[in-house]
Amino acid sequence: MSQKNKTEKKPSVAGAEITPLRRASGRSLAVASFSCGTCVMVLEMAGSRVVAPYMGTSLVVWTSLIGIVMASLTLGYWAGGRVSDRRPDPGLLAKIIGGAAFFSLLVGIAANPLLGLLSRNVRNVYVGSVIASICLFAVPSVLLGMVSPFIVRLAMHNLGSAGSTVGKFSALSSAGSILGTFLGGFVLISFLSSQAILFLVAVVLGLTALQLHAAAKKILLPLVVLAAGLGILSEAGAMPMTPDGINIETPYNTIRIMDTNVWLTNREVRILQTDPMGAQSLMYLDAPDELYSDYTKFYDLAFHYKPDAKRVLMLGGGGYCVPRHLGATRPDVAIDVVELDPGITKAARDYFHLADRPDQRIFHEDARMFVNRESARGELKYDAVFEDVFGSAYSIPFHLTTTECMGAIRSLLADDGVLVINIISEIHGELFAGIYSSIAAHFPNVMIYPATYPNSAAVRQNVMIVALCSETIPERAPESDYMASLLAHRWTAPYEPRIAAFTDAFAPVEKYSLIR
């Protein structure tokens, strides 16, 4: 036979066969592609809740988590392509998925002590959240990233169908990711603890690996059983995620509630935290209606500047300390509270003596959505609006700091109404300046009240802004020594904000909240 004839008998490149080391069924590969895509997103969603009690839920934490997971997946895609070319074996793929299951299980077990160690030794939230994301989620994400190119390599039998093979399994993986996003965000986080979700991911990945390579059942079955058992124990409360106080997971937050003794007064105080950078609510156990936090007392200034105030709107409920205080000290004042998280309201009922009363209404929705809707309707008018929405110095809902938001709030107020807002910042800081400018664009009189250090513009603290709708500031004598002590905190030095008003299009609160 001539050389020419030998060449003619070779298959064309378009139809060249590609033979894996061992065959795997198309169904098992499809299941693996879909389930691993789902687990990647569930792992990421649960990761935010795992990190939250130690690093918070700010954009900084989400950015770190997403960035590290994406970088790890990228590395996994590259490594998976290289490894699958050298050894296209379903057994090896099963080991990779089994490894991801093992490390997901390990994250569920080790997250608490590791994050506790980090929070005690790394004070910068940027550095801490990146390190936490790497330590907890880099390895399982790299392993899961290896799965997609490996599956494509095993499923590809000839180059003539390469495009459809890649498209099919890419679509399956993406469909799994979509399911994982909605399943994690809408279902799992609402019904399971983050620790249990991690164990569930380990179970699913272990079973996925097992259906690819049944011969590995001696290793994979014990892993699946262990992960399932730990998941059941964590849901039963036998494996709490945090060692101190009560840990409650809600659809929006991880809440920590703990009791401590204040040594200066020798009084027991209950604390509610949704962010490790600060306490969102504090209550004296022996006097629940007494305000503990200095800054919360400044909401009473609304009744100095508008003594006949009878209807108040509060944006941000937290432990409901201010509404409870108003109910005890001003029972004739009606209050509407807008709190995003119904889980926080339940915690306030269970642990912070929140009780129903006829003149108190609670709305569970985003505060900006409430303000936008009611200002458009024009049916509600309030004598005062209180805003307390900072989760911490890092956790700032930007859409509640903008000039558009302040304009909507102004339209909800009576002509002589009062806005009192809590800001965590230095008076000379850019964050404070931007919010001040947003308020000043709609209120003719804006006053500054540093809550803790009245003579310092450079110390980060709770700074209260009292904004009046009226053109003049009422000159009234203090009604009591208590009111006189609050009024004495007023900042009287000239103040000119050096930052333009924040807008819905541009409100860089994360940049300006960075602790230098």
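Here are some notes:
- Taking θ as phi - 60° and the Karplus parameters 6.51, -1.76 and 1.60, the scalar couplings of the range 176-184 work out to x, 5, 5, 4, x, 5, 6, 5, x Hz in sequence order, x denoting glycine and proline.
- Taking amide H positions as modeled 1.01 Å from N, with prolines and chain starts lacking one, the residues under 5 Å from R361 and 5 or more places away or on another chain are I335, D336, V337.
- Computed from Cα atoms, the angle from the helix 26-55 axis to the main principal axis of the chain rounds to 30 degrees.
- Residues whose amide H lies under 5 Å from that of L413, counting only those 5 or more places away or on a different chain, are Y382; hydrogens are built 1.01 Å from N in the peptide plane.
- Atom-type composition of the exposed protein surface of the range 322-449 places 53 percent of the accessible area on carbon and sulfur (1.4 angstrom probe).
- Given (i) 30.4; (ii) 25.1; (iii) 27.0, the label whose value is mean projected area of the Cα convex hull in nm² derived from this model: (i)
- Two-site FRET efficiency, E290 against L159, from Cβ-Cβ distance with R₀ of 60 Å, rounded to 0.05: 0.20
- Projected label points at V166 and A477, each 7 Å from Cα along the beta carbon direction, are separated by 8.4 nanometres.
- About its Cα centre, the chain has a charge dipole of approximately 3460 debye under the convention of +1 per Lys or Arg Cβ and -1 per Asp or Glu Cβ, with nothing else charged.
- Unit charges at the beta carbon, dipole of the chain: most positive-side option, V225, A441, A24: A24
- Helix 430-440 vs. the chain, principal-axis angle (Cα, 0 to 90°, nearest 10): 60 degrees
- Solvent-accessible surface of the chain, averaged per residue with a 1.4 angstrom probe and all protein chains in place: 44 square angstrom.
- Between R377 and S190, the distance separating the two model label sites (each 7 Å from Cα on the Cα→Cβ line) works out to 2.3 nm.
- Vicinal HN-Hα couplings computed from phi for the range 395-407 (Karplus, 6.51 cos²θ - 1.76 cosθ + 1.60; Hz; Gly/Pro x): 9, 10, x, 4, 5, 9, 10, 8, 5, 5, 5, 5, x
- Comparing Cα centroids, the range 312-360 and the range 142-203 end up 43 angstrom apart.
- Residues whose placed amide H lies under 5 Å from that of E249, excluding near-sequence neighbours: I255
- Of all aspartates and glutamates in the structure, those lying under 20 Å Cα to Cα from K218, and not within fewer than 8 positions of it along the same chain, are D89.
- For the range 24-116, the carbon plus sulfur part of the accessible surface works out to 72%, probe radius 1.4 Å.
- With each label modelled as a point 7 angstrom along the Cα→C-beta vector, the A215-E496 pair spans 8.0 nm.
- Between 0 and 90 degrees, the angle of helix 194-212 with respect to the longest Cα principal axis of the chain falls at about 10 degrees.
- Each of M258, L75, P88 was scored by the projection of its Cα onto the charge dipole of the chain, and the greatest displacement toward the positive side belongs to P88; charges sit on the C-beta of Lys, Arg, Asp and Glu.
- Karplus-based coupling profile of the range 409-420, in residue order and whole Hz: 5, 4, 6, 7, 9, 5, 4, 10, x, 10, 10, 10, with θ = phi - 60° in 6.51 cos²θ - 1.76 cosθ + 1.60 and x standing for Gly or Pro.
- Number of Lys pairs (Cα under 20 Å; 8 or more positions apart or on different chains) in the range 267-394: 4
The values are calculated or read from the model by the stated rules, or taken from the named source; none is laboratory data. On a predicted model such as this, the values are computed, not experimentally measured, just so you know. Here the Cβ is made from the backbone with ideal geometry for all residues, glycine too, and neighbour counts use every protein chain on show. Remember, those area values only see protein heavy atoms, side chains included, never the ligands or the DNA or RNA. Shrake-Rupley method; radii C 1.70, N 1.55, O 1.52, S 1.80 Å.
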